[in-house]
Every structure is written in C-alpha cells, then in structure tokens.
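Q: Just dropping this structure here.
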Amino acid sequence: MLITFILFLTYSFFGWINETILTSVTNRKLNNRGFVLGPYCLVYGIAAVLMLNFLKFVEDNIFYQFLSSMVIATIVEYIVSLVLEKLFDARWWDYSHIKFNLNGRICLGYSIIFGFVGVIAYKLNPYLYNLCKIIITNKLFLTIQLIIFLLFIIDFIISSYIINTLDLSQVENKKDSNSYIAHEVNKYIFNKLKIIKNKIAIF
C-alpha cells in the first residue's frame, strides 16, 4: 500500500513537471497545472497507478499496453474533469479548440500521448518499484516519505478549502479556469500571510 502511494506521488510529480513545462512554454509564463498547491498533478498519479496494475495482464503485448493505457488514462481524465466541475463549478482544462474532443474534457491527441506514456511507464516501473522497496526498508527514507504524505494531505485539504472560497462565477472563460484559480489561490495565500505578518508585528 505504501509503495503504491509513493508511486502515485512520483507519477503525479512527473505529470506536474510535464504539464507545467508544456503550458508555461505555450503561455510564455510559469503555470501551476495541478489541483493542489504542491508539485503534483493528481490525474497522472491516479491514471498511472490504475494503468500499471491493469497492464500486468497484458505485459507481453505492447499494442495492448498502449491501448489499455490510452483507454484508462482517458477515462480517468474525463471523470476527474467532470468531478472537479461538479464540486467547484469550474474546469481545470479544456480541449474544445482541439479536433476530435469529447465535451472539451478529453481529446484523441492527448489520449494517444497517454498510450505512449503508459508503455514507457510500464517499462520503467520495475526500477521505480525496487527503489520504493529500498525506501520503505530504510527508517530515514520512510520517515521522510511519511512527512511527505502528511504534507500532501494537508495540502489537499487547504487547496480544497481555498478553492471553495473563490467566486469562480467571475471567470471570463468558464471552459478553462486553471490560470485564474492558480492566480486567486496565490493571492489568497499572500493576503493571509500578510495579515499574519501584521499581527506578529503588533506584538
């Protein structure tokens, strides 16, 4: 279970790097594409864990690995997009401007990319899995990982709370609210820190 969580965070981190680089280059400014404040993109972590467990049944066939990865990741992306919109009345991404999309939540191009990424991840996963086994048998590494786990939970709770306080009805483009949400979350945190700083200064 602990190994699965470590792999989940690892692939979430890789996904965050990938999404941040792509969107930052496209928009020519730094963007945090994750749902939480930290460097995680949860869609990648969820999809990766599901794919790698399912791919055990098709490990000898690259085509089935590719197809299974594409289907699983696409379903996860659609569901996460739908859930986030229902919970917060906002979308974190939108593919309406890309050909062969479904409701702007998923598109064929990204699904194909997910397929290739799944095959690569499956090939690399045994090495990551062995590294995880070393981590959980080392007290220092295990302690660090438990701290990261606690920070992740705290991050998730704080992120959800802050996003719930935002007035997302003000978003001009309801189809992709990621940049607006990231900006508002950062502003919220900055204002809270400023208030705390002023209170400390009084004493």
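Every residue, every condition in (1) surrounded by 15 or more Cβ atoms within 10 Å (Cβ to Cβ); (2) modelled with pLDDT of 85 or more; (3) on the phi < 0 side of the Ramachandran plot, yes or no:
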site: Val71; (1), (2), (3): yes, yes, yes
site: Leu102; (1), (2), (3): no, yes, yes
site: Val117; (1), (2), (3): yes, yes, yes
site: Gln145; (1), (2), (3): yes, no, yes
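Table: residues versus (1) under 17 Å from Thr4 (Cβ atoms); (2) surrounded by 18 or more Cβ atoms within 10 Å (Cβ to Cβ).
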{"residue": "Ala90", "(1), (2)": "no, yes"}
{"residue": "Ile135", "(1), (2)": "yes, no"}
{"residue": "Leu140", "(1), (2)": "no, no"}
{"residue": "Leu151", "(1), (2)": "no, no"}
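Q: Sort out which residues of segment 54-69 are under 16 Å from Tyr44 (Cα atoms) and open to solvent by less than 30 Å² (accessible area, probe 1.4 Å), and write them in order of number. Break it down into steps so the answer makes sense when it comes.
A: Taking segment 54-69 first, the residues under 16 Å from Tyr44 (Cα atoms) are 54-55, 66, 68-69.
Scanning segment 54-69 gives Leu55, Ser68, Ser69.
Q: Related question: Mind listing whichever residues of segment 119-142 are at pLDDT 85 or above and either on the phi > 0 side of the Ramachandran plot or among the β-branched types (Val, Ile, Thr) (or both)?
A: Looking only at segment 119-142, we keep the residues that are at pLDDT 85 or above, and these are 119-131.
The answer is Val119, Ile120.
The values are calculated or read from the model by the stated rules, or taken from the named source; none is laboratory data. These numbers were taken from a predicted model, which means no experiment stands behind them. Ideal geometry is used to build each Cβ from the backbone, glycine not excepted, and the neighbour counts take in all protein chains shown. These accessible areas exclude ligands, DNA and RNA; they are computed on the full protein's heavy atoms, side chains included. Shrake-Rupley method; radii C 1.70, N 1.55, O 1.52, S 1.80 Å.
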